[in-house]
Amino acid sequence: MELHEILSTLREEKDMKQHEVAEKVHVTKSAISSYETGSSQPSYSVLVALADLSVRSDVLFRLQLLWQWL
């Protein structure tokens, strides 16, 4: 699973809209959309904020590993 798929899946698992996630991590809705389509990559700080929306530490660990390969 690629980063953009993970981000989209996590948001859907939390039953959140893109604009809700955007507000929580302090970016625009269009930024969230571009992360989820893979057209752009989140900064490390945004990636950590996105991972914080999930309580699953395994997901945070995988996201951090993926970031190293970007």
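The values are calculated or read from the model by the stated rules, or taken from the named source; none is laboratory data. Keep in mind that this is a model prediction, so the values were computed, not measured. We work out accessible area using only protein heavy atoms, side chains counted, and drop any ligands, DNA or RNA first. Shrake-Rupley method; radii C 1.70, N 1.55, O 1.52, S 1.80 Å.
Just so you know, in segment 20-37 the residues that are on the phi < 0 side of the Ramachandran plot and in a loop (DSSP other than H, G, I, E, B) include one that is most open to solvent (accessible area, probe 1.4 Å), and it is Thr28.
Taken over segment 4-19, the criterion of being in a helix (DSSP H, G or I), modelled with pLDDT under 90 and within 15 Å of Asp52 (Cα to Cα) is satisfied by Ile6, Leu7, Thr9, Leu10, Arg11, Glu13. If you go through segment 6-19 and keep only what is under 15 Å from Tyr35 (Cα atoms) and open to solvent by 70 Å² or more (accessible area, probe 1.4 Å), you end up with Glu12, Lys17, His19.
Determine if segment 45-59 includes at least one residue that is open to solvent by 30 Å² or more (accessible area, probe 1.4 Å), at pLDDT 85 or above and not hydrophobic (A, V, I, L, M, F, W, C). Yes, that holds for at least one residue.
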